[in-house]
1. Name the helices (complete DSSP H segments) of chain B with a Cα length along the long axis of 20 Å or more and a Kyte-Doolittle mean of at least 1.0, or state none.
2. Count the net charge of all other residues whose Cβ sits under 9 Å from the Cβ of B:Phe124, scoring Lys and Arg as +1 and Asp and Glu as -1.
3. State, to one decimal in nm², a quarter of the convex hull surface area for the C-alpha atoms of the stretch B:399-510, i.e. the direction-averaged projected area.
4. Please compute, for peptide B:152-158, the average count of beta-carbon atoms on other protein chains lying within 10 Å of each residue's beta-carbon.
5. Can you give the % of DSSP beta bridges in the stretch B:110-257 that are antiparallel, to the nearest 5?
6. Suppose the Debye formula is applied to equal point scatterers at every Cα of the stretch A:149-224; what is log10 I(q)/I(0) at q = 0.16, 0.17, 0.20 Å⁻¹?
7. Only helical DSSP H runs with n ≥ 4 go in: add -39500 (n - 2.57) per run for chain B, normalise by residue count and round the 222 nm mean residue ellipticity to 500 deg cm²/dmol.
8. For each pair in B:Lys102/B:Lys304; B:Lys304/B:Lys484; B:Lys102/B:Lys359; A:Lys69/B:Lys158, compute the distance between the two Cα atoms and list the pairs where it is over 30 Å.
Amino acid sequence: MRNSTARHLLLIVLILGALVFFREEKSNLPFKELRELEAKIKWKSQPTETQMTTDYNLKTSFENDLSEKAISSANQFILNNPKLFSIQKHHQLAVKTSSNPLGTHVSYQVYQDGFAILGMNIDLIVNRVGLVRLVSNQYRPIDRIKVDQANWLTVPEIFQDQTIKFKLSSERSEEEKDNVAIWISPNSSQPELVYVVSVVDTQQKQKVPGQALFSVITGQLIARHFPRSEFNEKPL
Amino acid sequence: MTVTTLKIMTRFIHLATLIGLVSCGRLVTECGGAPLNIERLQAIQSTQFQSNSKAALVTPNPLDASGNVYLQALDSVVGSFTGAYFLPGLMNSNRLENNFLKIRISSISDSLDSLATPNSSGEFSFPISDIRYGQAMAYHSLSAIDSYVEALGFQTDKTRPLYVMVKAEGSTSNPAEVNAFYNHNIFESGPREIRIFGETQHSAWQDRDIYWHEFGHYVLESVTGSRGVDLAGDLGASFTEGSAIHECFADYGTESLSGRGYIGRWLARNFEGYAPGQPLRVAYDQSDEFQNFRSVVNFDPTGKNLDRYRLGEWCSRVLWDIRTQLVSENQEEGRYYADRTILAAASLLKRNTSISDLKEALLYADQELNCGIHSRSISAAFTSRGFPEEVSNLSKPLSFQGTVVGTNQSPTEDLRAFSVQFVLRNSNSQTARNVRIAIEAPNGGFSPYVAEQAYGDLGPGKTITVGGTGALPLDYSVIGLVSKTVNLRGIKVLIRIKIENGPESVNEVIL
């Protein structure tokens, strides 16, 4: 009886081992293709690591080679799935990684002419043996947006015309003042060049700054982020 | 020996170890993931940090520290529960901040001179009624939970600082109105922010729970790479499953790290309907309606289930069940492996996520980290609380009748806002799962402003009515914005109906 159980266990182990072997083999792709991918995608930045705090007795850095291997696997995955990721010539990708017990998260931010396209990210996770899982792909082909700064309004010009419902947050930082990005609503195919501005809605009960997007051309409000509030439904 | 052979051998050893341990009757919690530093996690959990700076605090709050449910902040006895707590990682021993965490009182631009400084013994020691006490509590609480998340193996996004305003400016005319906000500034610029409001005999800034809960929102955004697990909510939706999951993780993190299984006993004293000592929300079993999925997710014409805290509390009980299972396997360490599995699952959640996504992510994380040995208990945690194991597909789409109407919700005077008044009916004999509507601008011409709203599950023969007499207000509908100078005629508006157990349907409206 014991021998029979042992044989069954061994058989299960062998079958599982074979499955793992074939899964891994499938992800090993030629380096040539990776080079082609790197040529095709103009990297906006070098792979970066998220900075750690002055930590509380913890390891303060993560293994760079792990991040690089993960980025390499993620790049291969993008290359091998052109239907999913039909990256257009006028788009560039910047990549960052973060570690996690499941492996390394590799996130790509899409850019056009140096402007981040908000809401268009690709997130992959590369597990400890280099297998890639697609977590989220918000990339979609969109037309190149014209970037002609001669026609842009300034933020103060935009706010001259705003009604009292919105005012600029007094906490706006210097770096934020000319923050321009491209916004593509999940529910629209029309990208817009926008200022990302901290505003306070004067009609809210509690005046919590939030971000709003204003068209650099028309000055119109395009979208707004609502900070996450507790206790709305439970007044005193 | 090739690398591949080595990898295979390693896996064989893992599998053999797993089978061996299971056959010996010992349960395994780490067959797939790296071992955890349990000593470190236990030290954080019991707040035994090592650092040169300390604060005098009553943790987690006077009520829980004393067990006296009637205690108030100004009671003289509160001071007797004060202990010395470490403040790790300060950049400068005179200020409560490091590279990431910046504690302020009312505003990001507070004068640094107005902030808390240590006494001559180097200790941040203030009476509990002094707002500088709130600063010290904020720093201690947030550095503790931040350390915990990192010790579990999660690298969080510290590219932008987190400012915490313990008594934020901009409150209502009622300074006693308690509230808290987490602002992730989702458009990729500006710092992250936590703002606490309200000064009472049970101020939120005196309670560790509020900091841990708000930090939970940051952690979820961080481990998901800010992909927008509740993007629709971020952009103004009144209710979404993603928003409930946000609250669920924020509550669970607090409940698990404290080990108490509830949140907000101190804070709840500010609200009507809570008896002294009654928590705000509870993760363990209670004889209440948050036990069953149907009670919190079925669409109700009064709108009572369009509340992220109801579904969030149900969800936190599912996570607590999973934690309970792992703790029963390993009394000492199970809680840490549970937290790691649950947080790993969180990192996989999709944009505008759902309870179904959460279940799938938990099963995947358990497979990767624990060789899937908890798959049955994870599934049972959902099904035993009423979440359907399988949902049959609807035989026909939901019927939609809608009209575009003007609203007075325009955020600026140069824009016209319009909404959709509608009736959505489920004439199937099956429940429609996670019903949502979205407004789309296929050819431009307007901006989808509140682009998506969710309504929970719609039972057979049931109807959702939004707008009009006796119906839910238009706050529960989608909103589009259009310039007042634009001729509306001919603009195409699409209303997309989304459900989990059936195909999407699209309805076209021409303005």
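1. B:3-23
2. Numbers: positive: B:Lys54, B:Arg132; negative: B:Glu123.
It works out to a net charge of +1.
3. Details: hull surface 27.3 nm².
Averaged projected hull area, Cα only: 6.8 nm².
4. On the way: counts 2, 4, 6, 11, 5, 5, 4.
Average per residue, whole number: 5.
5. Numbers: 5 of 9 bridges.
Restricted to the stretch B:110-257, the bridges split so that about 55 percent are antiparallel.
6. -0.57, -0.64, -0.87
7. Working: 12 runs with 158 residues, N = 511.
When only DSSP H runs of four or more count, the value is -10000 deg cm²/dmol.
8. Details: B:Lys102/B:Lys304 37 Å; B:Lys304/B:Lys484 35 Å; B:Lys102/B:Lys359 35 Å; A:Lys69/B:Lys158 22 Å.
Checking Cα-Cα distances, B:Lys102/B:Lys304; B:Lys304/B:Lys484; B:Lys102/B:Lys359 exceed 30 Å.
No value in this document is a laboratory result; all are computed from the given coordinates. Everything numeric in this text was worked out from a predicted model, so none of it was measured. Cβ sites come from the backbone with ideal geometry, for glycine too, and all protein chains shown count toward neighbours.
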